[in-house]
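Notes for the one structure printed next.
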Amino acid sequence: MPIFTLNINGRVWELESSGQAPLLDVLRDAAQLTGTKYGCGEGLCGACTVLVAGKPVKSCLMAISEVGEQPVETIEGLATARGLHPLQEAFLSHAAFQCGYCTPGMIMASKALLADIPNPTAQQIEERLEGHICRCGTYPRIVEAVQTAARATRAESSGNGGPRRG
Ligand code: FES
Ligand code: FES
């Protein structure tokens, strides 16, 4: 099988795979980055969302051969030696999950959202997370968590908080 060179979470990986394999399978099986979840496998649930070149992508629908040199970011790449990412902190403090299966996809999509819209309204969050299914029904707490993370990120950016993370 061919070897693909991927940039995942800032690290270069040499991964053996068929070119048609979904990025999701390569992340979970070859790279052992199992934080990204398999839900429907058909682009309908959002559990498999990662960032490719900073944009949310349903990794069950993207073949590894389509990734090329674009950087891939998964939930494993968010925390640093300084601590959790503000979104992770906020999801914890708001208990914005129950089983947690949808959470990595929700957080990665929210990271892209905050990069585009630093101060999103509840409606903007709901619109951007449409297509992300939470079977535990924690949607209201997810919206609150994203708004809390947005405030924390803005405070960090303006120098009123701790060091900015990823
Ligand atoms: S597993 Fe990819 S969208 Fe459901
Ligand atoms: S927390 Fe269980 S699916 Fe969202």
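Just so you know, all these numbers are worked out from the coordinates, no wet-lab data involved. Everything quoted here is computed from the prediction, not taken from an experiment. When we count neighbours, we look across all protein chains shown, and the Cβ atoms used for this are built from the backbone with ideal geometry, even at glycine.
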- Message: So G83 passes all but one of these: (1) of a type in the set (G, A, S); (2) farther than 24 Å from V26 by Cα; (3) within 16 Å of ligand 2 (Cβ to nearest atom). Which condition number does it fail?
- Response: (3)
- Query: List pairs: first in the stretch 41-62 and under 19 Å from G100 (Cα atoms), second part of a strand (DSSP E or B) and among the basic types (K, R), Cβ under 8 Å, 6+ apart or cross-chain?
  - Reply: G43/K58; G46/K58; C48/K58; T49/K58
- Message: List pairs: first residue in the stretch 10-28 and within 16 Å of T74 (Cα to Cα), second residue aromatic (F, W, Y) and not in a strand (DSSP E or B) anywhere in the structure, Cβ distance under 8 angstrom, at least six positions apart or on different chains.
- Response: L24/Y38; R28/Y38
- Quick one: would you say Q20 is in contact with a Cys (Cβ under 6 Å, 6 or more places away or on another chain), assigned to a loop (DSSP other than H, G, I, E, B) and surrounded by fewer than 18 Cβ atoms within 10 Å (Cβ to Cβ)? no
- Item | Among (1) touching a residue at least 12 places away in the same chain (Cβ under 8 Å); (2) surrounded by fewer than 22 Cβ atoms within 10 Å (Cβ to Cβ); (3) more than 27 Å from T5 (Cα to Cα); (4) within 16 Å of ligand 2 (Cβ to nearest atom) - the single one F91 does not satisfy | (2)
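Yes or no, residue by residue, for (1) crowded, with 20+ Cβ neighbours inside 10 Å; (2) assigned to a helix (DSSP H, G or I):
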site	(1), (2)
G100	no, no
P104	yes, yes
I107	yes, yes
S110	yes, yes
N119	no, no
E127	no, yes
R141	no, yes
T148	no, yes
- Message: Here are the criteria: (1) away from ligand 2 (no atom under 16 Å from the Cβ); (2) in a loop (DSSP other than H, G, I, E, B); (3) touching a strand residue (DSSP E or B) at 6+ places or on another chain (Cβ under 7 Å). Tell me which single one T36 does not satisfy.
- Response: (1)
